[in-house]
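See structure below.
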Amino acid sequence: MIIAHLYKITNKITDEYYIGKHNGQNQKEYDGKNYWGSGKRIKRQIKKYGYENFNYEVLVIGESSFIFELEKKIVTRELIEEDVLCLNLDIGGEGQHFHCKETREKIKRNKPKVIPWNKGKKGLQVSWRKGKSMPEETKRKIAESNRGQKRSEETKRKLVESHLGKEPGNKGKKLRPEQYEKMVKRSREYWKDKPGFMTGKKHSEATKEKLKLAWEKRKKEKKGLTSGYTFINNSKERKLVSPIQIEKYLKDGWVIGYKF
């Protein structure tokens, strides 16, 4: 008689789970290592989040044939298709070596697609989660698990090399008003009780001279951020406006000049 057990692996961060059957009474394999399921999606999850963020729970221990039948009753087609947290791709039970038509369609829908950045450039892998909203509680758990983690120098180097020559995905895109407000709020909250990097410091005379020469050079070459801009006033306040805006202000009674 072969003893097996029914197990459930749960992602502590996202609450997603996988149910399966394994020979033996516990998680240990013959070589002493821990067994972490055979499904493709659960393997990807463990690789992404790490073993420490998963819980392996033995649900039932019994004869292998009994465990197979139990798995068949629990991991049904309805569970796979209706529960978004379920990571199983096929129904349970003995002999389920080939995916059914419905499962093949589900795999096809969830398969990462390649969307070209531009003609002649390498495509971008899009996650199967694209278009699906993540619960706030899940976002909080992921943020907490990532907080305080430091990347090694080797990892930093690989990240730099992987991005060399690539165009940023957000290039040319503008933040939505709510995104901008959220960023400003977080920035103000972070810097509220922190001094600026120049607080209590003074430039040396040599540095002042370098800054002065650099500024004079930029003015001469007209490379400043406000190059081409003009000061205007309305006898109460003054503004620095671009050439595109100046006509509109002049029509509203403003005049060219810094002083009033």
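FYI, it's all coordinate maths here, none of it is from the lab. Since we're looking at a predicted model, the values are computed, not measured. Cβ placement follows ideal geometry from the backbone for every residue including glycine, while neighbour counts extend to all protein chains displayed.
What whole number of Å gives the distance from the Cα centroid of segment 142-178 to the Cα centroid of segment 17-88?
Using only Cα atoms, the two centres lie 33 Å from each other.
Just list whichever of Lys12/Lys171; Lys47/Lys106; Lys33/Lys139; Lys210/Lys239; Lys106/Lys171; Lys108/Lys174 have alpha carbons separated by over 24 Å in the model shown.
Lys12/Lys171; Lys33/Lys139; Lys210/Lys239; Lys106/Lys171; Lys108/Lys174
Provide the gained length on full extension for the span Ile2 to Tyr35, in nm with one decimal, where the gain is 0.36 nm per separating residue minus the Cα-Cα distance.
10.1 nm
Measuring from label point to label point, each 7 Å out along Cα→Cβ, what is the Leu211 to Arg186 span in nm?
About 3.1 nm, to one decimal.
If I take R0 = 41 Å and measure r between the Cβ atoms of Leu240 and Lys47 in this structure, what FRET efficiency does the formula 1/(1 + (r/R0)^6) give, to the nearest 0.05? Write down the numbers at each step before the final one.
Values: r = 53 Å, r/R0 = 1.30.
After rounding to 0.05, the efficiency reads 0.15.
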